[in-house]
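Peer 1: Would you mind keeping the following structure in view while I ask a few things?
The values are calculated or read from the model by the stated rules, or taken from the named source; none is laboratory data. Everything quoted here is computed from the prediction, not taken from an experiment. Counting neighbours? That spans all protein chains shown, and the Cβs are built from the backbone with ideal geometry, glycine included.
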């Protein structure tokens, strides 16, 4: 019986992925095998030693202490792409709100004080020129970050008749296949900023991307550009952005991360972190996260991990399986093979991968694996965990 601890409200469709006869699920469950979380901050949480895997029902993992968990040998999984359509649609909405001054126009009408229809019409006709905007057709959109969301935004912009420039030096082969061939490749962020009428950010927040749009870069952005950030707070230097707004270098900033410095600025549209807040996205993320937890616990497979290698190996029911987490150092696999041979076991299948300082190995053997063998394996210097996959 596997135990799953949940944090936040997880969509019922996700929780239904865990069979009741082999899984216990609760928010206060003791000694869980896995934790399923959304936005709950786990940085101050003591992780029980029983935890084998943590899954985030969403893409960002800033609320999870990934580095500490890696040292403990715990994979952290996320659900890239599960909320991509929801964010893509909101980015397009943000572009339209900025280009047509929709928020300002709506607020203008709401604050009109008159009970006379003719007077209302006359005042609107007199004032509507202040809300003149521009069409997206023919404009250039710069997309920084071509992951699942960035590619979808780029392709949608192409469908709107926009010219699209993309920048992502680490784009994957799968995303490159999905990207429209008409998207122009930028050689640098600086080139993209100089050529784009609208710029949208779709990168994770890391030490390398923190304040990636700083004072220097905001100074070279095309004058009057619209900047959209539905990725992560912290990607834009807020003080530098305020200066760029006040000097009208940037015409409008649309974001999903309100802050005290910018939220009341007349040319800032701040939304309350609603990028993935659709019923469909929450269900997609919950289902995907739950399936990945099951795949790990029941078969040892790792998919969509932010700190472990991807390992997928078919699991034949008549073979015993061992899952091993170890430091990424030489000669570990050879030592494991020696221990298995001493126990009279033949290796049927083996899959090994590494990521940074951590490595992960799945091994199918031809006979029963007992606790004594697992104890022998963890005696090997560098091995963090070894478990039977039932």
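Peer 1: Taking residue 5, is it surrounded by fewer than 19 Cβ atoms within 10 Å (Cβ to Cβ), in the same structural domain as residue 293 (by TED's automatic domain parsing) and part of a strand (DSSP E or B)?
Peer 2: No; evaluated as a whole, the condition is false for this residue.
Peer 1: Quick one: is residue 182 in contact with a helix residue (DSSP H, G or I) (Cβ under 8 Å, 6 or more places away or on another chain) and part of a loop (DSSP other than H, G, I, E, B)?
Peer 2: Answer is yes for this residue.
Peer 1: Being more than 29 Å from residue 77 (Cα to Cα) and out of contact with any strand residue (DSSP E or B) (no Cβ under 7 Å at 6 or more places or on another chain) is the filter; apply it to the range 260-287 and report the residue that is surrounded by the fewest Cβ atoms within 10 Å (Cβ to Cβ).
Peer 2: 260
Peer 1: Follow-up question, since we're still on this one. Scan the range 190-210 residue by residue and report those that are part of a loop (DSSP other than H, G, I, E, B) and loosely packed, with under 15 Cβ neighbours inside 10 Å.
Peer 2: 206, 207, 208, 210
Peer 1: Looking at 145, 166, which one is more than 15 Å from residue 92 (Cα to Cα), touching a residue at least 60 places away in the same chain (Cβ under 8 Å) and crowded, with 19+ Cβ neighbours inside 10 Å?
Peer 2: The conditions single out 145.
Peer 1: Taking residue 261, is it farther than 25 Å from residue 86 by Cβ, assigned to a helix (DSSP H, G or I) and either modelled with pLDDT of 95 or more or more than 21 Å from the chain's Cα centre (by Cα) (or both)?
Peer 2: Against the criterion (farther than 25 Å from residue 86 by Cβ, assigned to a helix (DSSP H, G or I) and either modelled with pLDDT of 95 or more or more than 21 Å from the chain's Cα centre (by Cα) (or both)), residue 261 does not qualify.
Peer 1: Scan the range 177-189 for residues that are without any contact (Cβ under 8 Å) to a residue 24 or more places away in the chain and either surrounded by 10 or more Cβ atoms within 10 Å (Cβ to Cβ) or not assigned by TED's automatic domain parsing to the domain that holds residue 209 (or both) and report the count.
Peer 2: Number of matching residues: 3.
Peer 1: Could you tell me which numbered condition residue 161 fails, if it satisfies all but one of (1) assigned to a helix (DSSP H, G or I); (2) surrounded by fewer than 20 Cβ atoms within 10 Å (Cβ to Cβ); (3) assigned by TED's automatic domain parsing to the domain that holds residue 94?
Peer 2: Result: residue 161 passes all but (1).
Peer 1: Consider the range 321-358. How many of its residues are within 31 Å of the chain's Cα centre (by Cα) and more than 17 Å from residue 299 (Cα to Cα)?
Peer 2: Final tally of qualifying residues: 9.
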